[in-house]
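**Student:** Attaching a single structure in C-alpha cells format; questions to follow.
The values are calculated or read from the model by the stated rules, or taken from the named source; none is laboratory data. Keep in mind that this is a model prediction, so the values were computed, not measured. Note that we place each Cβ from the backbone using ideal geometry, even for glycine, and neighbour counts take in every protein chain shown. Areas reflect the complete protein model, heavy atoms only, side chains present, ligands, DNA and RNA absent. Shrake-Rupley method; radii C 1.70, N 1.55, O 1.52, S 1.80 Å.
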Amino acid sequence: MKGLHLDRLRISRGAETLVSLDLLVAPGEVLTVMGPSGSGKSTALAAIIGTLAPPFRLEGRIWLDGVEVTPLPTRARRIGLLFQDDVLFPHLSVGGNLGFALPPGLRGAARRARIAAALEQAGLPGFADRDPATLSGGQRARVALFRTLLAEPCALLLDEPFSRLDADLREQIRSFVLDRARDRGLPVILVTHDAEDARAAGGSVISPMGLPL
Amino acid sequence: MVGPVLAGLAGTLAPAFGLMRGGPDLEAFRALAGWPGLGASVRLSLGTGLAATALALAITLMIVALLQGTSAFRLLLRLLSPLLSVPHAAVALGLAFLLSPSGWLARLVAPLAGWTAPPDLLTLNDPAGLALTAGLVVKEVPFLLLMMLAALPQTDAPRRMMVAASLGYGRGLGFVHAVLPALYRQIRLPVYAVLAYSMTAVEMAMILGPTRPATLAVQITAWMMDPALAERGRAAAAALLQLGQVAGALLGWRLMEIAAKRALARLALTGRRGARLDAPLRPLAGMLALLAVAAVALGLAGLGVWSVAGLWQFPDLAPETLTTKTWSRAAPGLAEASAMTLGLALLAVAVALGLTLACLEAEARHGLRPTTRALWLLYLPLIVPQIAFLPGLQGLALLTGAEGTPLAVAAAHVVFVLPYVFLSLAPSFRAWDGRIAIAGAALGAGENRIFWRLRLPMLLRPVLTAAAVGMAVSIGQYLPTLLIGGGRVVTLTTEAVALSSGGNRRIIGAYAILQMALPALAFAAALGLPALAFRHRRGMAVT
C-alpha cells in the first residue's frame, strides 16, 4: 500500500489523550493538521518522525509504503521534514548543506553535478559556495526544501514551514514546496495554525484528535 | 573522578598508620606531634585560608553588587579570562617582585622615605602570612567573579534588584537581601573549593608564605620530597591532619553561613534601607577591583622587565640597560621545560576532552539529566585538597614503578584538568540547538555522523575554549608534577617555583613569563582558529 498510513495512532500523556489519528495520506495528497499551539500538532509530528519524548505514550502503528516505521529511528524512516525556520547548518556552505543530505552512493564530479542541478531547480544556480547566512529568507527556504528532497524521502512533513515568511513570499514558497511534493508523488502532512495555509494546501483539514475542520 | 581521589586517600591512610612497616600503629602521628612547629603551622594554614576566602568573597560580592553596569565592570569582564589563565605560581612570583623590599613598591616609596638601599622590612614571607593572604585573594577574586556571573542569570537578579530599589533600598543592601540568598546557593561549591584551596595551596605559600614554620601544606611537601623515606609516614599523618582541618573549616564555614542567613533575616525585619551606604561603598569596591587587577598586572610586568633587565640598581624604577642575555643563556633549559610542559598539557587535555565529549554525548543520546550529586563528584578533586590525596597517589605510583614518568604525571594532571574542561564545555554543549540534530536525522544521518559533522564542528569554539582552560590548568599544576614526577619531570612551573628561593630574578622572570605565555597562547588559538575556520560563515560569528 503506497502512502503514509497512520494506523490508529494515539498519543497520550498521563490520562490525557493529545492525538488520535487513523488515516491514509496517498502519494501526492496533502493532509493538513490544524489547531492552536499546544493542541498536540507538534506531538503528532514528533511521533511520525520518531523523536517523541519519554513522557508521551504512543499506541498504534505508522506505515510508509507498506513498511512499518514505528520501531525505526528517525534516520531510517525516510520521512523528510521542513521546520518552521529553515535550520540550515550554519557551518556548511549552501552546497555543503545539500551534500549532507545526498545519499553517499554518488561520488566526486557526479555528486557535485547533482548538487548543482538541485540548485538550478531551486532557482539558485551557482550558489554552492555561498554562506547560508547571506541568503534571503525565500532563498533559504528553497535551499531547505531541496536539502530535504535530495535525501530522497518517501513522505514529507511540514512543520509550519511558511510562518516566518512575509505574506507575498509565503504564498510563493508554499506553492513552490507543494508543487515539488506533488511532482514527486510524496504524501504530505502539513501542520499549521494558519487557516490560509490549510486552504491553500487543498487537501482535507483535521484537528490533532482526527476531527474534520 | 572518585577513583583517583579515593585511591589517593587510601594510599595516604596506609603509611600514616604504619601499615607499610607492619603496623597499624600511631608512630607517624607521634612523630608529627613531636614537630615543634606544628601548632603555628596549623594556625597559619587555617588563618590564611579563612581570611583569603572571606576577603575574596567579600570583594567579589561588592564588585557584583555595586559595580555592575559601569564601564569599570565591563573592563573587568574583558580582563577576566586572561587573569584566570595566569598560573598561581606566576601570580605569586609577580606579587613577590612587587612587594619585596627591593621591589617596585619599595622603589616608589624610596625617594620619599630617603631609602638608598632596600629597607630591612619583612614585606614578603611575613610570619603572619599577610603576603600569602593577599596573593590568594588576588588569584581567587577572578575565579569567584566568573562563577557568580555564570550563576546570576538563574537568580532573576535584575527584577529582584528593581523591586528592592522601588522599596527604597540602596544597591548594596538591596543586593544582599534580594539576590544574595539565591546567588549564594549557586556558588556554594566554588566557594568551598576556594576555601579548601586557600588552606592547602603549596606553590603560592612557598613563594609568598612564611618559612619558619611554613604552612602545613608546604611542610608536608618538604617531607614528601625528603630523600630519607622515613619522613613519608610523618608526611602522610600530616596530610590526614590537613584533610581533617579542611573538613573542620568547611563545617565551620557552613555554620557561619547559617548564622549569616539568620542575621540577614533579622536585618531584613528591621527594614533598614542602607541607601546611604552606597556612596562610600561604590568607590571602595572600584578601588578593591582595581587593586586586585593592578597587583597581578604590575607583578607580571615586573617579571617581564626583570627577564630583560641589564643593570638595575635600587631605587631606580627601570633598569639602566635592557638585554636578551638572560633569555639566550637560559634558552636550552627553557626550551626543554616548555616542551615537557606542553607535552603534558596536550596529553592531559586530549584525554580530558575525549572523556568530557563522550560523557556529554552519551547524556544527549540517552536523554540523561545530571544530578546535583554528580556535580559534587565532579568537584571532588577540586575540594579534596591535593596535598591530602597526592601523597597516596605518589605511593601508588612508587609501588607500580610509574613514579617519575611523564605519562604518570599526565595521568595525574587529567584528574584536575577534567573537572574544569567539563564545567567549561557542558553549558554550550547542552545549549546546542537540538533541531539541528533532528534535521540531520530526518536527512538520514546516524548519531555518529550528526556528532562528527554537525555538533562538533558547530561547537568548535567552546570545545577549543575548554581545551585552552584545560591547558592553563595543566600548565599551572605544581604539586602533582612534583610528587608524581618524583622531582624528575621538570616543567616551567616546577622550575619557576624551584628557582624562586634562589633569588636570581632575571631567570625567575623568564620562566614565569613563559609559564604565563603558554596558556595565553592557548586562549589566543581558541579565539583565532574558529574565527579563521568560519571566516566565510556569518552564522557562526560570535554574537
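**Student:** For segment B:277-355, which chymotrypsin sites (Phe, Trp or Tyr not before Pro) are both in a DSSP coil and crowded by at most 10 other Cβ atoms within 10 Å?
**Tutor:** none
**Student:** Turning to a different aspect of this structure: Need one number: % antiparallel among DSSP beta bridges in chain A, to the nearest 5.
**Tutor:** 55 percent
**Student:** If I model a spin label as a point 7 Å beyond the Cα along the Cα-Cβ vector, how far apart are those points for residue A:13 and residue A:211 in nm?
**Tutor:** Here the modelled spin labels are 2.1 nm apart.
**Student:** Rounded if a/c is under 1.5, else prolate if a/b beats b/c, else oblate: with a ≥ b ≥ c from the C-alpha gyration tensor eigenvalues square-rooted, which is segment B:2-536?
**Tutor:** rounded
**Student:** Would you work out which of B:246, B:163, B:218 lies farthest towards the positive end of the dipole of segment B:137-286, given +1 charges on the beta-carbon of Lys and Arg and -1 on that of Asp and Glu, about the Cα centre?
**Tutor:** Farthest towards the positive pole: B:163.
**Student:** Right, another one. Compute the FRET efficiency between residue A:117 and residue B:328 as 1/(1 + (r/R0)^6), taking r as their Cβ-Cβ distance and R0 = 56 Å, and round to the nearest 0.05. Intermediate results must be reported in sequence, preceding the final value.
**Tutor:** Working: r = 63 Å, r/R0 = 1.12.
In this case the efficiency is close to 0.35.
**Student:** Separate question: Over what distance in Å are the Cα centres of segment B:191-266 and segment A:91-107 separated?
**Tutor:** So the two Cα centres are separated by 57 Å.
**Student:** So which chymotrypsin sites (Phe, Trp or Tyr not before Pro) in segment B:32-114 pass both tests, a DSSP loop state and at most 10 other Cβ atoms within 10 Å of the Cβ?
**Tutor:** none
**Student:** Then there is this: Students sometimes get this wrong: rank B:84, A:178 by accessible area, probe 1.4 Å, all chains present, largest first.
**Tutor:** Order by accessible area, largest first: B:84, A:178.
**Student:** Here is a further query. Classify segment B:99-253: rounded, prolate or oblate, from the alpha-carbon gyration tensor (a ≥ b ≥ c, eigenvalue square roots; a/c under 1.5 rounded; otherwise prolate if a/b is larger than b/c)?
**Tutor:** Oblate, because a/c is 1.5 or more while a/b does not exceed b/c.
**Student:** Okay, moving on. Taking residue A:41 as the anchor, which lysines have their alpha carbon closer than 26 Å to its alpha carbon, excluding any fewer than eight residues away along the same chain?
**Tutor:** Within the straight-line limit of under 26 Å, residue A:41 reaches these lysines: A:2.
**Student:** Starting from 0 in steps of 10 Å, tell me what percent of the Cα-Cα pairs of the protein assembly as shown lands in each bin.
**Tutor:** Pair shares across the bins are 2, 12, 18, 19, 16, 14, 10, 6, 2, 0, 0.
**Student:** Pairs of alpha-carbon atoms within less than 8 angstrom and 6+ residues apart define the contacts here; what relative contact order does chain B have, in percent? Don't jump to the answer; show the numbers that get you there.
**Tutor:** On the way: 763 pairs, mean separation 129.2, N = 543.
Relative contact order of chain B: 24 percent.
**Student:** 7 Å from Cα along Cα→Cβ at both residue B:165 and residue B:368: what's the point-to-point distance in nm?
**Tutor:** In this crude label model, residue B:165 to residue B:368 measures out at 4.4 nm.
**Student:** Can you tell me the equivalent ellipsoid semi-axes for segment A:95-176? Use √(5λ) from the Cα gyration tensor, largest first, whole Å.
**Tutor:** Ellipsoid half-lengths, sorted descending, are 23, 15, 10 Å.
**Student:** Calculate the FRET efficiency for residue B:520 and residue B:258 from the Cβ-Cβ distance with a Förster distance of 41 Å, rounded to the nearest 0.05. Don't skip to the answer; put the middle values down first.
**Tutor:** Working: r = 41 Å, r/R0 = 1.01.
Here the calculated transfer efficiency is 0.50.
**Student:** Hey, what number do you get for the protein assembly as shown at 222 nm if only DSSP H runs of n ≥ 4 count, each worth -39500 (n - 2.57), divided across all residues, to the nearest 500?
**Tutor:** The helix-only estimate for the protein assembly as shown comes to -20500 deg cm²/dmol at 222 nm.
**Student:** Multiply the residue separation of residue B:251 and residue B:428 by 0.36 nm, subtract the distance between their alpha-carbon atoms, and state the gained length in nm to one decimal.
**Tutor:** Result for the pair: 60.4 nm of gain on full extension.
**Student:** Given R₀ = 25 Å, what would the calculated FRET efficiency be for residue B:314 paired with residue B:43, taking r from the Cβ atoms and rounding to 0.05?
**Tutor:** 0.10
**Student:** Could you state the number of Å between the C-alpha centres of segment A:1-60 and segment B:513-538?
**Tutor:** Between the Cα centre of segment B:513-538 and that of segment A:1-60, the gap is 47 Å.
**Student:** State whether segment B:231-284 is rounded, prolate or oblate according to the following rule on the C-alpha gyration tensor (a ≥ b ≥ c being the square roots of its eigenvalues): a/c under 1.5 gives rounded; otherwise a/b larger than b/c gives prolate, and the remaining case gives oblate.
**Tutor:** Because a/c hits 1.5 or more and a/b fails to exceed b/c, segment B:231-284 counts as oblate.
**Student:** Further, regarding this structure: Let me check I've understood the local charge: for residue B:488, count other residues with C-beta under 14 angstrom from its C-beta, Lys and Arg +1, Asp and Glu -1. What total comes out?
**Tutor:** Here the count lands on -3.
**Student:** Can you give the angle from 0 to 90° between the axis of helix A:137-150 and the longest principal axis of chain A, with both taken from C-alpha atoms, to the nearest 10?
**Tutor:** Roughly 80 degrees between the two axes.
**Student:** Run the 1.4 Å probe and let me know the accessible area of residue B:400, rounded to the nearest 10 Å².
**Tutor:** Taking all protein chains as shown, residue B:400 has close to 110 Å².
**Student:** How big is the charge dipole of the protein assembly as shown about its Cα centre, in debye rounded to the nearest 20, if each Lys and Arg gets +1 on its Cβ and each Asp and Glu gets -1 on its Cβ? List each step's numbers first, then the result.
**Tutor:** Working: 65 positive and 43 negative charges, 134 e Å.
Charge dipole of the protein assembly as shown: 640 debye, to the nearest 20.
**Student:** Here's a follow-up. What do you get for trypsin sites (Lys or Arg not before Pro) in segment B:459-543 restricted to DSSP loop and a cutoff of at most 14 other Cβ within 10 Å of the site's Cβ? Write down the numbers at each step before the final one.
**Tutor:** On the way: sites: B:488, B:505, B:506, B:535, B:537, B:538; in loops: B:488, B:535, B:537.
Sites meeting the loop and neighbour criteria: B:488, B:535.
**Student:** Follow-up question, since we're still on this one. Subtract the Cα-Cα distance of residue B:71 and residue B:301 from 0.36 nm times their separation in residues, and report this length gain in nm to one decimal.
**Tutor:** 80.4 nm
**Student:** Separate question: So for the pair residue B:339, residue B:399, with labels modelled 7 Å out along Cα→Cβ, what separation do we get in nm?
**Tutor:** It is 3.5 nm.
**Student:** Okay, next question. Could you work out the mean count of beta carbons from other protein chains within 10 Å of each residue's beta carbon in B:531-541?
**Tutor:** Values: counts 0, 0, 1, 3, 1, 6, 10, 5, 9, 5, 2.
Average per residue, whole number: 4.
**Student:** Right, here's the next one. Can you tell me the dipole magnitude for segment A:91-151 around its Cα centre, using point charges on the Cβ only (Lys, Arg +1; Asp, Glu -1), in Debye to the nearest 20?
**Tutor:** 140 debye
**Student:** Where is the GNM fluctuation largest for chain A (alpha-carbon springs, 10 angstrom cutoff): A:145, A:119, A:156?
**Tutor:** A:119
**Student:** Given a 1.4 Å probe and the protein chains all in place, what does the accessible area of residue B:323 round to, in Å² to the nearest 10?
**Tutor:** Using a 1.4 Å probe on the heavy atoms, I get roughly 40 Å².
**Student:** Quick one: Cα centre-to-centre distance for segment A:65-81 and segment B:411-467, in angstrom?
**Tutor:** Using only Cα atoms, the two centres lie 27 Å from each other.
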